[in-house]
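Below is one structure; the comments refer to it alone.
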Amino acid sequence: MLSTLSRRATSALPRIRTLTPQNARHPFSTTRIASQPRLPATTTPLFSHFTNFTTTQASRRTLTTAQKWKLGFRKARKDIWRKNPIVLPLALLSVFSATCLFAYIAYVEVTQVAPQYTKFPPPMAERLRTAVYYTDVDLQPQKAMAAYKDAIHIGLEMGLHQYSDEVLGVHLQVSHMLEKAGLVSAAVKVLEQTRAGALAWVYRTRRSQAVGASSDEQPENTPDPAKEAEFQAWEDRQQSKVLKKCVGMSMKLAELYESDYMQDLEKAEENQRQAVELCLTEMNRRVALGLPVGNQTKAPATTAEASEEDDGWMNLEEIAVALKDLADLYFTQGKYDLCLPLFIRASDVMKAAEGDAPTCKQPFLMSSIGATMGEIAAAPKPIAGMRAPREQVIAQARQWLDKARDVAAKIDPQGQEAECNEACVAALQSLGELARLENKPDVARKHYRDALSIAQRLEEPGLVEGVKAALKEIKAQ
């Protein structure tokens, strides 16, 4: 009974449960039990972490869009070179190249393209830009012609004169476009119609001026004298400019008729002769009126000084070129009696134009005169109008050729050495031909060798081959 009582008393007491560690081992195991680490002395209480958390939540602010972009750019800047070592330099190079290209295009537009359209009214300039695009960039004759016609129509409606520089320039550009497109016959037709209308206007205006000057009657509604004088000065100057353009159109027509597209030498000669006749007629008229034979303006055409002094007519050098072109045409046709006076007249005009500063154009014309005389001397039959004996013609030709060499030797070769060398080669070849006519092969061979030594310094194979062919003919004899 007592034993039962003791067991009941023991069961009534609270029992204490012993917790076994997770890493506990068997009592008889020899494995060392790791002791639980102690907490550091600086352990933060649990409530302190809660305090910091609440403080951070209270101090957080929302970033603006600019700040987000700034942070994004900053992060991308750090990683862009590492992530794109090849693409990034290429992209930068492309951007730089595109910038340079656009800058160059803007520079060309401002300095070269835009000044060409400043003298035109804006609506007319807009159509001209379209026409020039379909002429120089994307050649489409139909669209270009339509744009040119619209430009001329707009210009006339806005008060431009029918034969002003602007309108005539558009007509010439139409001819250039047609020639570029291979429509040479149409280009010739445009030039002929434009020249005929321009010459008719010049002659009609001059007749009306002559009638008005001889008439003593005064109209009832007299305009402002100052405006009338200003318009009269513009009209006189414009007549000279139109005549100058007509000479240029005649020379261009001669070139087109002589080209492979037309091959009409008669028409070419007719137009070249008309250009020279216009020059000579206007020169005689200016002499009769006491005006300079040629335009004496030395200043550039864009300066104010030039605009006041320039009367619009051709200068002496341009007149000499027109004479020379007709002489060259006659020379190729074998009409030496016609080309000789033209060469001499062109040489005199060129000498007057250049004055004390001669260029290589003078010795070139002199050598052409000597070559023409040599051809006259070598002709099997006497040429009509040439009564001088053969020996005298050869002597005069040699004088012109020697003079050409002397003038070429005295010219400053800077910038025109090639032209002077060509003139010397032509003169030496002609001297060789004259020596062959006189049966002096040694002298001819010497002249040809001198010509060959000069021709080899030039980058013209045709000239060298011509001299070598002449040397072979001498050796064959």
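Just so you know, all these numbers are worked out from the coordinates, no wet-lab data involved. Model, not experiment: these values are computed from the prediction. For neighbour counting, all protein chains shown are included, and Cβ atoms are generated from backbone atoms with ideal geometry for every residue, glycine included.
Both radii come from the Cα set of segment 97-163: Rg as radius of gyration, Rh as Kirkwood radius; their ratio Rg/Rh reads 1.07. Distance from the C-alpha centroid of segment 178-211 to that of segment 60-135: 47 Å, rounded to the whole angstrom. Please list, by residue number, everything in segment 318-359 whose backbone N is under 11 Å from a paramagnetic label point 7 Å out along Cα→Cβ of Ala379. From segment 318-359, the list is 334-340. In this simple spin-label approximation, His161 and Cys100 carry label points 7 Å from Cα along the Cα→Cβ vector, and these lie 4.8 nm apart. Dividing the mean sequence gap of close Cα pairs (under 8 Å, 6+ apart) by how many residues segment 341-477 holds gives a relative contact order of 22 percent. Using the basic label-point model (7 angstrom from Cα toward the beta carbon), what is the Asp328 to Thr111 distance in nanometres? Roughly 3.2 nm, to one decimal.
Report note on the peptides 460-469, 183-192: ranked by the mean count of other C-beta atoms within 10 Å, highest first, their order is 183-192, 460-469.
Are there trypsin sites (Lys or Arg not before Pro) in segment 78-126 that DSSP puts in a loop and that have at most 13 other Cβ atoms within 10 Å, and which ones? In loop regions of segment 78-126 (DSSP not H, G, I, E or B), the sparsely surrounded trypsin sites (Lys or Arg not before Pro) are Lys119.
The distance linking segment 309-365 with segment 419-449 is 24 Å (Cα centroid to Cα centroid, whole angstrom). For the cross-link pairs Lys189/Lys252; Lys119/Lys245; Lys446/Lys468; Lys446/Lys475; Lys267/Lys351; Lys143/Lys189, the ones whose C-alpha atoms lie over 21 Å apart are Lys267/Lys351. Applying the Karplus relation 6.51 cos²θ - 1.76 cosθ + 1.60 with θ = phi - 60° to segment 460-467 yields 3J(HN,Hα) values of 10, x, x, 5, 5, 5, x, 5 Hz, where x marks Gly and Pro.
Taking the Cα atoms of segment 325-466, the ratio Rg/Rh between the radius of gyration and the Kirkwood radius comes to 0.96.
When Rg and Dmax are taken over the Cα atoms of segment 316-357, they come to 10.6, 34 Å.
Distance between the pseudo-spin-label points of Gln263 and Thr281 (7 Å out from Cα toward the beta carbon): 3.3 nm.
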